[in-house]
Amino acid sequence: MIQLLPFPSMATQTASSSSSSRKYDVFLSFCGVDTRKNFTDHLHTALKQKGIITFRDDEKLERGKYISEELLKAIEESDYAIIVLSKNYAFSRWCLIELAKIVECTKKTGLIVFPVFYHVDPSDVRNQAGSLGEAFTKHEKDSKVNIDDIQVWKAALIKVGNTSGWHLHDG
């Protein structure tokens, strides 16, 4: 069972969501292979039970829509982003594209970020060490990945890694 700590002013915004131009209270960014069927499912359920309107890629996408466009738009239409950083997060180019958009929206739309360090150390996120370092070694060897994108992704990880969040390990 996940117990939610109150989000700053989330209750006020949720109660008066008609005054907000945003479609979602929270955008969940996560690596499905690591957390979709466990932590993220429990977190999503807890958010819904609190009446928090949450975008999660596997249930809110409109059929027939191009996934990347709709996901990026959902980030722009959210007040908060919860980023569940896990061992395989940086191996997913799509997760890194989401992350870069989230960081961009912190400046552009005032999106507020809450990182969850799920079985990864925040210093590994900041420094792209451990499994995150392995992921970037793989991306740098991939000829389909643009080096400029890699630099944007690394900068986004540094920013999020320097953000106070929750650090979760087994138990």
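A Förster distance of 25 Å, applied to the separation of the beta-carbon atoms of SER68 and GLU134, puts the FRET efficiency at 0.50. Packing-based ranking of 87-93, 119-125 yields 87-93, 119-125, ordered from highest to lowest mean Cβ neighbour count within 10 Å.
Expressed as a whole percent, the accessible area of region 25-171 that falls on carbon and sulfur atoms is 49 (1.4 Å probe).
Once the chain from HIS167 to VAL33 is taken as fully extended at 0.36 nm per residue, the excess over their C-alpha distance is 46.3 nm. Each Lys and Arg Cβ is given +1 and each Asp and Glu Cβ -1; about its Cα centre, region 72-170 then shows a dipole of about 180 debye. The alpha-carbon of LYS48 sits under 12 angstrom from the alpha-carbons of these aspartates and glutamates, leaving out residues fewer than 8 places away in its chain: ASP25. Close amide H pairs (under 5 Å, H built 1.01 Å from N) link LEU111 with THR106, residues at least 5 positions away or on another chain.
The values are calculated or read from the model by the stated rules, or taken from the named source; none is laboratory data. In this text, all values refer to a predicted model and were calculated from it rather than measured experimentally. Positions of Cβ are backbone-derived with ideal geometry, glycine not excepted, and every protein chain shown enters the neighbour counts. The area values use the complete protein model at the heavy-atom level, side chains included, leaving out ligands, DNA and RNA. Shrake-Rupley method; radii C 1.70, N 1.55, O 1.52, S 1.80 Å.
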